[in-house]
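Structure first, then comments.
The values are calculated or read from the model by the stated rules, or taken from the named source; none is laboratory data. Remember, it's a predicted structure, so these values are computed and weren't measured experimentally. Every residue, glycine as well, gets a Cβ built from its backbone with ideal geometry; the counts of neighbours run over all protein chains shown.
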Amino acid sequence: MNDPVQAASYRPDTPIAELADWIGDPVEAADFPETVLRWRNDRAARDVGLADLSDADWVRHFGRFDPLPDNLSEPLALRYHGHQFRVYNPEIGDGRGFLFAQMRDESGRLMDLGTKGSGTTPWSRRGDGRLTLKGAVREILATEMLEALGVNTSKTFSVIETGEELERGDEPSPTRSAVMTRLSHGHIRIGTFQRLLALEEADHMSALIDYCLTQFPGPPPPEDAPGTDQPAARLMHLVVERMADLAASYMVAGFVHGVLNTDNMNISGESFDYGPWRFLPKWEPGFTAAYFDHAGLYAFGRQPEALHWNCGQLAVALRLVCDAPPLIAALERFGSLYMEAVGRRWCWRLGVESQGGERDGALVAASEQAMCAGGESPDSFFHRHRGGRDAEGGLAEALSGYEASNEAHLYWSEVPETMVIEEVERIWSAIDRDDDWQPLSDKVAAIRRMGEAHGKPPRPAGQ
């Protein structure tokens, strides 16, 4: 087949096919009345060899879902269970999305193209399988801002408006519809393992563990860790390390995910699926993103606890094929790994060289105190004190001895970028009222410039 994506850098690879008989269900995409291209992420597309697609071919693949060359012949709606606000639900799965394709990026990592709003599946229950255009725009903004702030996140790859009018109870209806494609480092969730435990499918559990260790490799466990001859224990160490760093990245970004259920936890440690998210208008541990989170289970300050709890559910699932002690030993590392990651990432965003341990912890505490006392947002705080400048009182004392990172980006002398809900609504209003996409385009460009100013975030040792 003569197709423009057959460039040398496009490297299809579909290891999920070996698991397809029990991990998902073949499905078809909805036949949409329209397919109007609204967003294509050429920066992300370059990483997987798809940036040279014409707009017509882009719509054909990501609006009509014609298979990519030498890739999955039909989409796969993945099966999983999960705790939703800590209530176990065995009746979930990909209800309005599917895995569309797999390929390798420039560094050799396995990348998935998955959808949201692509139609009904066997797991849709009473849902319509659709996505609002506003939801897609919000996901563009969330993923772009998070990437710029160093969070390991999925990328919003494509948004195509589909010409349907949707009824939703939580926003003005009818509203415009879209189908979104996201680029992710895998789509295996903690809930995927929970399903196999519930069905007592030990052989499939072992096969899934091997898949994850092969496709999402990482550093070896500590030398003194018990039971690391068991593959499940090695996977548990990797997931705990990744989730601790992810939790820290949320906190340093001032981000509230809103729905940290086990079916929203990617084994690769990559954040994804943004519904009722928020960025903090001020430093407030009790701030919640979801209007239905009445108990504050996933409030800003409780996110580390939520990810630790989710890791615990993975350990429970892995008991199907592994002894408990090595799983518990891995889980017990979460707290110290999280504190190390907070210090490392805090210093990165503040623009000073990390000193580790108690010094970084004292700097974080002094910074939090200063933000609370001044009612300041994290975005404003980190920008105003970049490189340790303009610090007073306890913050100045905590910064004593820290060296500023070498940088000369003009962004640090300008107004800081933010992503508070009022700005999100203004950007959406321009699209909804006037079909004006320029504010969105301008905001993405400004966010990416901010990301350039920050540079690459620090990663844990060995990663």
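Any idea which of (1) more than 18 Å from Gln355 (Cβ to Cβ); (2) of a type outside the set (Gly, Ala, Ser); (3) surrounded by fewer than 18 Cβ atoms within 10 Å (Cβ to Cβ) is the one Asp379 doesn't satisfy? Result: Asp379 fails condition (3) only. Of the residues in the stretch 273-282, none is of a type in the set (Gly, Ala, Ser) and either closer than 18 Å to Gln194 by Cβ or crowded, with 23+ Cβ neighbours inside 10 Å (or both).
Residues in the stretch 194-224 that are of a type in the set (Gly, Ala, Ser) and in contact with a Leu (Cβ under 6 Å, 6 or more places away or on another chain): Ala202, Gly218.
Answer yes if at least one residue in the stretch 204-218 is buried (at least 22 other Cβ atoms within 10 Å of the Cβ), aromatic (Phe, Trp, Tyr) and over 30 Å from Leu280 (Cβ atoms), and no otherwise. Looking through the stretch 204-218, none of the residues is buried (at least 22 other Cβ atoms within 10 Å of the Cβ), aromatic (Phe, Trp, Tyr) and over 30 Å from Leu280 (Cβ atoms).
Among the residues making up the stretch 254-299, a single one is among the charged types (D, E, K, R) and in contact with an Asp or Glu (Cβ under 7 Å, 6 or more places away or on another chain): Lys282. With respect to the conditions (1) crowded, with 23+ Cβ neighbours inside 10 Å; (2) touching a helix residue (DSSP H, G or I) at 6+ places or on another chain (Cβ under 9 Å), Asn89 falls short on a single one, namely (1). Against the condition at negative phi and of a type in the set (Asp, Glu), how does Asp273 come out, does it pass? No. Looking only at residues in the stretch 242-268 that are in a loop (DSSP other than H, G, I, E, B) and either polar (S, T, N, Q) or on the phi < 0 side of the Ramachandran plot (or both), the one that is surrounded by the most Cβ atoms within 10 Å (Cβ to Cβ) is Met265. When each of Arg64, Arg38 is tested for being closer than 30 Å to Asn261 by Cα and of a type in the set (D, E, K, R), the lone residue that passes is Arg38.
Of all residues in the stretch 339-355, those satisfying the criterion of being among the small types (Gly, Ala, Ser) and farther than 17 Å from Asn152 by Cα are Gly351, Ser354. When Leu297, Leu363, Leu331 are screened for being in contact with a Gly (Cβ under 8 Å, 6 or more places away or on another chain), of a type in the set (A, V, I, L, M) and farther than 30 Å from His204 by Cα, only Leu363 passes. In the stretch 410-448, the residue that is farthest from Arg384 (Cα to Cα) out of those that are of a type in the set (Lys, Arg) and either without any contact (Cβ under 8 Å) to a residue 60 or more places away in the chain or out of contact with any helix residue (DSSP H, G or I) (no Cβ under 8 Å at 6 or more places or on another chain) (or both) is Arg433.
Residue by residue, here is whether (1) closer than 24 Å to Leu149 by Cβ; (2) in contact with a His (Cβ under 6 Å, 6 or more places away or on another chain); (3) buried (at least 17 other Cβ atoms within 10 Å of the Cβ) holds:
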| site | (1), (2), (3) |
| --- | --- |
| Val316 | no, no, no |
| Asp323 | no, no, no |
| Gly335 | yes, no, no |
| Arg345 | yes, no, yes |
| Glu353 | yes, no, no |
| Glu358 | no, no, no |
| Ser367 | yes, no, yes |
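Give the residue, chosen from Gly275, Gly286, Gly335, that is assigned to a helix (DSSP H, G or I) and either touching a residue at least 12 places away in the same chain (Cβ under 8 Å) or not polar (S, T, N, Q) (or both). From the options Gly275, Gly286, Gly335, the qualifying one is Gly335. In the stretch 386-415, what residues are surrounded by 15 or more Cβ atoms within 10 Å (Cβ to Cβ), hydrophobic (A, V, I, L, M, F, W, C) and part of a loop (DSSP other than H, G, I, E, B)? Listed by number, the list holds a single entry, Ala391.
Here Gly97, Gly114, Gly108 are screened, and the one residue that is touching a His at 6+ places or on another chain (Cβ under 7 Å) and either buried (at least 22 other Cβ atoms within 10 Å of the Cβ) or within 30 Å of Met243 (Cα to Cα) (or both) is Gly114. Report, ordered by the first and then the second residue, all pairs with beta carbons closer than 9 Å, sequence separation of six or more or different chains, a first member in the stretch 382-399 that is within 17 Å of Gly361 (Cα to Cα), and a second member that is among the aromatic types (Phe, Trp, Tyr) and outside any helix (DSSP H, G or I). Matching pairs, first to second residue: Gly388/Tyr402. Screening the candidates Glu340, Glu407 for the property of being modelled with pLDDT under 95 and farther than 23 Å from Gly286 by Cβ yields one hit, Glu407.
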